[in-house]
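Asks: This is the structure I want to talk about, given as structure tokens.
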Amino acid sequence: MSSLSDPVRQKALGLLARAMPERLAALFPDLPDHALLRGPEVGAVMVRGRQGGTGAPFNLGEMTVARCSVRLACGTVGHAWVQGRDRGHARRAAVLDALLQTDRRAVLEGAVLATLETEETARRDGRARKAAATKVEFFTLVRGEDA
Amino acid sequence: MYVAVKGGERAIDNAHAFLAEERRGDPAVPELSVAQIRQQMALAVNRVMAEGSLYDPDLAALAIKQARGDLIEAIFLIRAYRTTLPRFGASNPIDTGRMAAVRRVSATYKDLPGGQVLGPTFDYTHRLIDFALAAEGLTPPAPEAAPLGPVPRVTGFLDREGLIEAEPASDTTPPDLTREPMELPANRALRLQALTRGDEGFILSLAYSSQRGYGRTHPFVGELRIGEVAVEVDIPELGFAVEIGEITVTECETVNQFHGSKTQPPQFTRGYGLVFGQTERKAISMSLVDRALRWEELGEDNTGAPVQDPEFVLMHADNIQATGFLEHIKLPHYVDFQSELELVRALRVNSEASE
């Protein structure tokens with residue numbers, strides 16, 4: 001049924017989850033008819049870290065998550081789990097996940113996903129550039145006895 | 001024995017109304033928005049998320065507003081809220097090696113790949129009150145430079161030479177103190193969970209005590225990094241893992257001397273700190289306390305220092321447990337006190353009679 005390979009769908013779901021809910025709503029305001037299979041509902045996911053960064057897992061703490069599963073009129077099912085408590089965000093992302101498996105995929109990839117990716121890259125790049133400007137450039141002073 | 005008494009309802013309602021008014025303060029002063037707190041009191045928000053053990057900046061900001069800036073009260077609100085949430089699952093362990101770091105410093109290597117990146121730090125500020133902040137104004141944009149890309153882990157350099165204890169990955173499911181009451185002895189995974197949500201002041205003071213000689217830690221900060229990491233969860237209905245969001249974390253790895261034992265050659269050992277948000281003081285403190293608590297597995301001496309006592313550390317690190325037990329003594333104990341009063345009176349009568 002799925003016309004999307006897992007890595008492509010995986011990437012799309014990541015972009016949808018990380019998008020600001022308001023931005024996603026602006027890019028894709030009108031949801032087509034769909035049935036709710038589960039949720040949208042708010043819960044928590046326990047985030048794990050690793051001892052020493054690379055070792056055995058431990059529980060770092062929870063984060064809030066909203067999730068939703070939907071079915072389009074054509075029968076295609078979509079799922080989404082997104083950070084935060086915004087049920088509308090989870091629902092919109094689930095509908096988009098479903099639509100991306102239909103023939104509307106190409107249009108939505110251009111209109112929604114490409115825009116989200118461009119904006120996300122710009123935001124990340126901005127922070128990375130500011131961090132880079134704080135990198136220390138060491139220099140050594142010539143000591144008197146060596147002069 | 002507890003005896004129920006009624007009364008005080010009107011007083012309680014009026015006290016809460018008074019609280020609401022005091023919280024708002026002078027209506028002539030503009031009200032704080034949750035977004036303002038989230039954006040401009042970000043480090044307070046981070047502390048509430050870390051010790052509330054729930055990553056949600058909007059909720060933490062709201063809790064701070066409700067608590068009138070009392071961060072432990074705000075943490076209490078977050079802890080209470082999180083108990084109402086169904087647990088959807090657990091994430092795959094976050095990969096801090098792939099962190100988009102805004103800050104990364106090492107006290108052990110000056111010229112390391114990726115360099116010393118200071119980021120938005122209070123270090124090297126003069127700690128002089130900036131009266132210019134009392135006036136409204138625009139902040140000029142921070143300077144920019146070509147991005148640096150991912151930076152390698154400092155302990156990785158030592159690991160390659162075998163100079164530091166290995167930290168082999170595993171997929172063991174860690175114990176969770178929010179599901180099963182903490183029992184001692186606690187393994188390192190459980191200790192790390194208790195420390196990362198523990199009170200910053202308590203963990204800081206314990207770490208400081210270990211530096212001053214109460215339990216020996218002589219750490220170097222091998223690496224301190226702050227930045228965003230992806231959180232990935234295996235979604236059962238999809239059958240693969242998806243990034244559900246990004247969180248900011250602070251990670252500290254200390255490098256400590258170790259003289260070796262019968263089975264191990266001399267090498268460096270590790271202390272580890274990982275905390276939600278930009279929470280540098282807490283992450284460094286956590287790594288020192290983690291290392292101090294490892295004395296037994298490393299065959300070191302127990303000097304009887306508080307920081308080496310897992311029961312002392314773990315049973316007193318939680319500021320919500322501590323607050324609950326401490327503050328309950330201000331609630332009515334009329335009957336308990338009456339019985340003590342009668343006892344003291346009776347003892348006095350007896351001692352006067354025997355004189």
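The values are calculated or read from the model by the stated rules, or taken from the named source; none is laboratory data. A quick note: this is a predicted structure, and the numbers were derived from the prediction, not measured. No Cβ is skipped: glycine too gets one built from the backbone with ideal geometry, and neighbour counts run over all protein chains shown.
Asks: Taking the conditions exactly as written (within 7 Å of chain B (Cβ to nearest Cβ), part of a loop (DSSP other than H, G, I, E, B) and buried (at least 20 other Cβ atoms within 10 Å of the Cβ)), does A:G61 satisfy them or not?
Replies: Working: within 7 Å of chain B (Cβ to nearest Cβ): yes; part of a loop (DSSP other than H, G, I, E, B): no; buried (at least 20 other Cβ atoms within 10 Å of the Cβ): yes.
When the stated conditions are applied, A:G61 does not pass them.
Asks: Which residue, of A:V70, A:V95, A:V107, is in a strand (DSSP E or B) and more than 10 Å from chain B (Cβ to nearest Cβ)?
Replies: Only one candidate passes the filter, namely A:V70.
Asks: Another question, then. Give me the residue from the stretch B:112-136 that is among the aliphatic types (A, V, I, L, M) and not in a loop (DSSP other than H, G, I, E, B) and, out of that set, surrounded by the most Cβ atoms within 10 Å (Cβ to Cβ).
Replies: Per the stated criteria, the residue is B:V117.
Asks: Further question: For B:V154, state whether it is more than 8 Å from every other protein chain (Cβ to nearest Cβ) and in contact with a strand residue (DSSP E or B) (Cβ under 7 Å, 6 or more places away or on another chain).
Replies: yes
Asks: Please find, among A:E41, A:E22, the residue that is assigned to a helix (DSSP H, G or I), surrounded by fewer than 18 Cβ atoms within 10 Å (Cβ to Cβ) and of a type in the set (D, E). Quick ask: steps written out before the conclusion?
Replies: Numbers: A:E41 fails: assigned to a helix (DSSP H, G or I).
Result of the check over A:E41, A:E22: A:E22.
Asks: Restricted to the stretch B:116-144, and to residues that are at the interface with chain A (Cβ under 7 Å from one of its Cβ atoms) and in contact with a strand residue (DSSP E or B) (Cβ under 7 Å, 6 or more places away or on another chain), which residue is farthest from A:A122 (Cα to Cα)?
Replies: B:Q116
Asks: Ok, one more. Kindly evaluate B:G97 against the criterion of being at the interface with another protein chain (Cβ under 8 Å from one of its Cβ atoms), out of contact with any strand residue (DSSP E or B) (no Cβ under 8 Å at 6 or more places or on another chain) and either of a type in the set (V, I, T) or touching a residue at least 24 places away in the same chain (Cβ under 8 Å) (or both).
Replies: yes
Asks: A:R71 - would you say it is touching a strand residue (DSSP E or B) at 6+ places or on another chain (Cβ under 8 Å), basic (K, R) and within 30 Å of B:S53 (Cβ to Cβ)? First the steps, then the outcome.
Replies: Numbers: touching a strand residue (DSSP E or B) at 6+ places or on another chain (Cβ under 8 Å): yes; basic (K, R): yes; within 30 Å of B:S53 (Cβ to Cβ): no.
Judged against the criteria, A:R71 is not a match.
Asks: Now a separate question. Considering only the stretch A:116-141, state which residues are over 22 Å from A:V70 (Cβ atoms) and either among the hydroxyl-bearing types (S, T, Y) or more than 11 Å from chain B (Cβ to nearest Cβ) (or both). Lay out the reasoning, then the answer.
Replies: Keep residues of the stretch A:116-141 that are over 22 Å from A:V70 (Cβ atoms), which gives A:117-141.
Correct list: A:E117, A:T118, A:E119, A:T121, A:A122, A:T134, A:F139, A:T140, A:L141.
Asks: Output the number of the condition that A:G55 fails; it satisfies all remaining conditions of (1) in a loop (DSSP other than H, G, I, E, B); (2) out of contact with any strand residue (DSSP E or B) (no Cβ under 9 Å at 6 or more places or on another chain).
Replies: Failing condition for A:G55: (2).
Asks: Within the stretch B:159-175, does at least one residue satisfy the condition of being aliphatic (A, V, I, L, M), more than 23 Å from the chain's Cα centre (by Cα) and part of a strand (DSSP E or B)?
Replies: Yes; the residues of the stretch B:159-175 include at least one that is aliphatic (A, V, I, L, M), more than 23 Å from the chain's Cα centre (by Cα) and part of a strand (DSSP E or B).
Asks: I would also like to ask the following. I'd like the residue in the stretch B:1-30 that is in a loop (DSSP other than H, G, I, E, B) and surrounded by 10 or more Cβ atoms within 10 Å (Cβ to Cβ) and, out of all such residues, is modelled with the lowest pLDDT.
Replies: First, pick out the residues of the stretch B:1-30 that are in a loop (DSSP other than H, G, I, E, B): B:1-8, B:25-30.
From what's left, surrounded by 10 or more Cβ atoms within 10 Å (Cβ to Cβ): B:8, B:25.
Working: B:G8: 85, B:G25: 96.
For the stretch B:1-30, the residue satisfying everything is B:G8.
Asks: Need the failing condition index for A:D86 against (1) in contact with a Pro (Cβ under 9 Å, 6 or more places away or on another chain); (2) acidic (D, E); (3) within 30 Å of B:K110 (Cα to Cα), just the number.
Replies: Against the list (1) in contact with a Pro (Cβ under 9 Å, 6 or more places away or on another chain); (2) acidic (D, E); (3) within 30 Å of B:K110 (Cα to Cα), A:D86 comes up short only on (3).
Asks: Hand me the list of helices (runs of 4 or more DSSP H) wholly inside the stretch B:257-355 holding 3 or more residues that are out of contact with any Cys (no Cβ under 7 Å at 6 or more places or on another chain) and closer than 27 Å to B:L71 by Cα.
Replies: B:280-293, B:310-316, B:319-327
Asks: Consider B:T139 against the criteria (1) within 28 Å of the chain's Cα centre (by Cα); (2) surrounded by fewer than 17 Cβ atoms within 10 Å (Cβ to Cβ); (3) among the polar types (S, T, N, Q): it satisfies all of them except one. Which criterion is unmet?
Replies: (1)
Asks: Additional query: Of A:A90, A:A73, which residue is surrounded by fewer than 17 Cβ atoms within 10 Å (Cβ to Cβ) and in contact (Cβ under 8 Å) with a residue 24 or more places away in the chain?
Replies: None of the other options fit; the residue is A:A73.
Asks: Can you say whether A:L15 is at the interface with chain B (Cβ under 10 Å from one of its Cβ atoms) and in a helix (DSSP H, G or I), as far as the supplied structure shows?
Replies: Yes; evaluated as a whole, the condition is true for this residue.
Asks: Let me ask something else. Which one is nearest to A:G55 (Cα to Cα) among residues in the stretch B:269-312 that are among the small types (G, A, S) and touching a residue at least 60 places away in the same chain (Cβ under 8 Å)?
Replies: B:G273
Asks: Based on what the data block shows, is B:T173 at the interface with chain A (Cβ under 8 Å from one of its Cβ atoms) and within 22 Å of B:A90 (Cα to Cα)? Steps first, please.
Replies: Values: at the interface with chain A (Cβ under 8 Å from one of its Cβ atoms): yes; within 22 Å of B:A90 (Cα to Cα): yes.
Against the criterion (at the interface with chain A (Cβ under 8 Å from one of its Cβ atoms) and within 22 Å of B:A90 (Cα to Cα)), B:T173 qualifies.
Asks: Follow-up question, since we're still on this one. Can you give me the number of residues within the stretch B:198-240 that are part of a strand (DSSP E or B) and within 30 Å of A:A132 (Cβ to Cβ)? Let's see the steps before the verdict.
Replies: Of all residues in the stretch B:198-240, those part of a strand (DSSP E or B) come to B:219-235, B:240.
Subsequent filtering for residues that are within 30 Å of A:A132 (Cβ to Cβ) retains B:219-232.
Going through the stretch B:198-240 one residue at a time, the tally reaches 14.
Asks: A further question on this structure: Output the number of the condition that B:G215 fails; it satisfies all remaining conditions of (1) facing another protein chain (nearest Cβ under 8 Å); (2) at pLDDT below 95.
Replies: The number of the failed condition is (1).
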